[in-house]
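*Asks:* The following block contains the structure, expressed as C-alpha cells.
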Amino acid sequence: MKSGMLSAAAERNKDPILTVLETVLPPTGRVLEIASGTGQHVCYFAAALPGIEWQPTEPDPSSREAIDTRVRGSGLTNVSPPVALDVREPRWSVEGPFDAILCINMIHISPWAATHGLFRGAARLLVSRGLLITYGPYLEHGQAAPSNLDFDASLKRRDPDWGLRELADVERVAAGHGLHREKIVRMPANNLTVVFVRGSGS
C-alpha cells in the first residue's frame with residue numbers, strides 16, 4: 001500500500017464507529033488497534049479522543065509505512081509508531097496492559113485461526129473488564145443481507161479460508177478465552193460493532 005493511499009470504506013465508517021467508541025471507551029487509557037490498514041481510523045479516533053494513547057499495528061510493511069507517514073503528518077502526539085503484529089503469533093510484539101483492543105474489518109478477511117489468535121491475545125493483554133471491540137459484517141443464524149451474502153461468496157472465491165463468520169461461533173471463541181459479549185450495535189451498510197468484555201460473566 002503506497003503512502004497516502006485512502007480507504008473509501010474507512011472514510012465511510014469512521015464517524016459511525018467513533019460514535020460507538022465515544023460511548024464505550026474510558027476518557028483516558030491505552031487502546032491497541034489490530035490491522036490498522038491505512039491508519040485513517042487511528043488518526044481520526046486519536047484526534048477525537050485525545051485522552052487515549054493509541055497503538056496501531058499492521059502485519060504489512062507497506063501499510064505500516066503509510067500509517068507512519070499519516071501519523072507524522074497529523075501532528076498527533078497520542079499515537080505511537082505502528083508495529084508489526086500478526087494475531088496468529090503466540091506472543092504479540094506489544095506490551096500490555098490495554099484498556100481496549102479495536103479490530104475493524106479483519107475477522108472476515110483472515111483465516112479462522114486469526115479470530116482465535118485475536119481473542120487469545122486479548123485475554124492476555126486486556127485489563128480486567130477491558131474491552132475488545134470488533135466491527136464488520138457477520139452472519140446471524142446463517143442469515144445476512146443479500147449484499148453481505150454476495151460479499152461472503154466473493155471473499156471465499158478470493159481465499160477459501162476467508163468469509164463472514166457466524167456471530168455465535170465468534171462468541172464461543174471469545175468465551176473460551178474469558179471474554180463475553182456485552183453489546184451489539186447495528187451499524188450502517190449491514191455491519192455490526194460487537195463489544196466483548198474480559199472477565200464478564202465469570
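*Asks:* Assign unit charges at the C-beta atoms only (+1 for Lys and Arg, -1 for Asp and Glu), then state the dipole size of the range 89-193 relative to its Cα centre in Debye, rounded to the nearest 20. Don't skip to the end; give the middle numbers.
*Replies:* Values: 12 positive and 12 negative charges, 26 e Å.
Charge dipole, the range 89-193, about its Cα centre: 120 debye, nearest 20.
*Asks:* Next question. With the Cα gyration tensor of the range 34-134 giving a ≥ b ≥ c as the square roots of its eigenvalues, does the rule (a/c under 1.5 for rounded; else a/b larger than b/c for prolate; else oblate) give rounded, prolate or oblate?
*Replies:* oblate
*Asks:* Now a separate question. Taking neighbour Cβ counts within 10 Å as the exposure measure, how do H180, H108, H141, H41 sort from fewest upward? If you can, show how the numbers build up before the last one.
*Replies:* Working: H180 15, H108 18, H141 8, H41 27.
Listing H180, H108, H141, H41 from fewest to most nearby Cβ atoms yields H141, H180, H108, H41.
*Asks:* Right, another one. Excluding L18 itself, what net charge comes from residues whose Cβ is under 14 Å from its Cβ, given Lys and Arg +1 and Asp and Glu -1? If you can, show how the numbers build up before the last one.
*Replies:* Details: positive: R12, K14; negative: E11, D15, E22, E33.
Residues near L18 contribute -2 overall.
*Asks:* Further question on the same structure: Please give the calculated 222 nm ellipticity per residue for the chain, where each DSSP H segment of at least 4 residues contributes -39500 (n - 2.57) and the sum is spread over every residue; nearest 500 deg cm²/dmol?
*Replies:* Only helices count here, giving -12000 deg cm²/dmol.
*Asks:* Checking the a/c ratio against 1.5 first, then a/b against b/c, what shape does the Cα gyration tensor give for the range 137-198? Don't skip to the end; give the middle numbers.
*Replies:* Values: a/c = 2.65, a/b = 1.53, b/c = 1.74.
Oblate, since a/c reaches 1.5 and b/c is not below a/b.
*Asks:* Averaging sequence separations of C-alpha pairs under 8 Å and six or more residues apart, then dividing by the length of the chain, give the relative contact order as a whole percent. Present the calculation step by step, with values, prior to reporting the outcome.
*Replies:* Values: 378 pairs, mean separation 37.1, N = 202.
Dividing the mean separation by the residue count of the chain yields 18 percent.
*Asks:* Looking at the square roots a ≥ b ≥ c of the eigenvalues of the Cα gyration tensor of the chain, which shape do they give, rounded for a/c under 1.5, prolate if a/b is larger than b/c, or oblate?
*Replies:* Details: a/c = 1.44, a/b = 1.16, b/c = 1.24.
Rounded is the answer for the chain, as its axis ratio a/c remains below 1.5.
*Asks:* Given a Förster distance of 22 Å, report the FRET efficiency between A153 and I109 from their Cβ-Cβ distance, rounded to the nearest 0.05.
*Replies:* Numbers: r = 14 Å, r/R0 = 0.63.
Approximately 0.95, to the nearest 0.05.
*Asks:* Residues in the range 17-36, backbone N under 14 Å from the label point at D60 (7 Å along the Cα-to-beta-carbon vector): list them, ranges by number please.
*Replies:* Residues 35-36 fall inside that zone.
*Asks:* When the chain is treated as a GNM, springs tying every alpha-carbon pair under 10 Å, which of A113, A122, A100 comes out with the largest mean-square fluctuation?
*Replies:* A113
*Asks:* Further question: Roughly what % antiparallel, to the nearest 5, for the DSSP beta bridges in the range 64-202?
*Replies:* In the range 64-202, approximately 65 percent of DSSP beta bridges are antiparallel ones.
The numbers here are math on the coordinates, done by the rules we state, and not lab data. For clarity, every value in this text was computed on a predicted model and none was experimentally measured. Because the Cβ atoms are built from the backbone with ideal geometry, glycine has one as well, and the counts that use them run over all protein chains shown.
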